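The values are calculated or read from the model by the stated rules, or taken from the named source; none is laboratory data. None of these values were measured; they are calculated from a predicted model. Positions of Cβ are generated from backbone atoms using ideal geometry, with glycine treated the same way; all protein chains shown enter the neighbour counts.
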């Protein structure tokens with residue numbers, strides 16, 4: 001039975017369409033099994049089952065993720081909790097996961113502490129593989145959501161700073177968060193690059209260090225190598 005992975009953000013429910021998709025997959029498999037056992041008059045003829053590889057869950061190997069040579073010597077650690085879930089992947093202005101999440105076959109997220117101009121910064125990379133046109137639909141969902149809410153949600157204010165920086169369907173986002181501290185307004189900027197190539201979605205973010213800003217130039221420098229690594233998933 002094909003596995004329908006949950007590629008929504010950690011701690012958030014998968015969209016309802018995912019549960020409908022799972023029920024539909026089970027019904028299709030049952031229909032196929034009944035058809036195969038019904039017989040065709042030739043017991044030696046193998047049943048035609050079709051290629052289910054595009055529907056099965058997929059794991060992302062280490063070599064598809066950024067390596068120390070590209071992270072200025074920093075080593076990565078797997079993210080298997082909800083840290084920086086808002087950029088894995090970014091889904092601003094949504095109540096739960098985007099509809100395209102039901103087409104996700106598998107995803108992986110890692111983090112690394114990279115030194116930038118003598119100060120530490122936390123880089124986050126997220127890679128996901130989708131069925132059909134799921135990765136393209138995610139990019140469409142992202143643009144529609146930002147247009148619908150004008151970039152403002154519970155996380156802060158999102159803004160598209162650039163497009164086409166690493167692939168034809170890529171964009172650079174800035175998330176600006178503000179809060180009051182000791183009677184003053186504090187501001188933090190997180191920079192996120194999102195790029196699609198084929199069925200693969202790649203996200204690279206610099207979430208800064210503690211309350212410090214991320215670095216736009218670091219994200220712009222890493223998204224190209226991240227896409228080249230992800231090409232092996234095509």
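The table below lists the values:
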| quantity | calculated |
| --- | --- |
| Answer from 166, 154 - the residue that is loosely packed, with under 15 Cβ neighbours inside 10 Å, part of a loop (DSSP other than H, G, I, E, B), over 15 Å from the mean Cα position of the chain (by Cα) and at pLDDT below 95 | 154 |
| Enumeration of residues in region 75-98 that are part of a loop (DSSP other than H, G, I, E, B) and in contact (Cβ under 8 Å) with a residue 60 or more places away in the chain | 81, 82, 84, 88, 89, 90, 91, 92, 93, 96, 97, 98 |
| Residues that are within 15 Å of the chain's Cα centre (by Cα), more than 21 Å from residue 155 (Cα to Cα) and surrounded by fewer than 19 Cβ atoms within 10 Å (Cβ to Cβ), drawn from region 81-123 | 106 |
| Any chance residue 176 is in a helix (DSSP H, G or I) and surrounded by fewer than 17 Cβ atoms within 10 Å (Cβ to Cβ) | no |
| Lone qualifier among 184, 210 - being modelled with pLDDT under 95 and at positive phi | 210 |
| Scan of region 125-142 for residues that are touching a strand residue (DSSP E or B) at 6+ places or on another chain (Cβ under 8 Å), surrounded by fewer than 22 Cβ atoms within 10 Å (Cβ to Cβ) and under 23 Å from residue 206 (Cα atoms), ordered by number | 139 |
| Residue 213, sole failed condition from (1) in contact with a strand residue (DSSP E or B) (Cβ under 7 Å, 6 or more places away or on another chain); (2) in contact (Cβ under 8 Å) with a residue 24 or more places away in the chain; (3) surrounded by fewer than 17 Cβ atoms within 10 Å (Cβ to Cβ) | (3) |
| Checklist (1) modelled with pLDDT of 95 or more; (2) in a strand (DSSP E or B); (3) out of contact with any strand residue (DSSP E or B) (no Cβ under 6 Å at 6 or more places or on another chain) applied to residue 145, failing item | (2) |
| Qualifying residue in region 189-199 (condition: part of a loop (DSSP other than H, G, I, E, B), farther than 17 Å from residue 231 by Cα and more than 17 Å from the chain's Cα centre (by Cα)) | no |
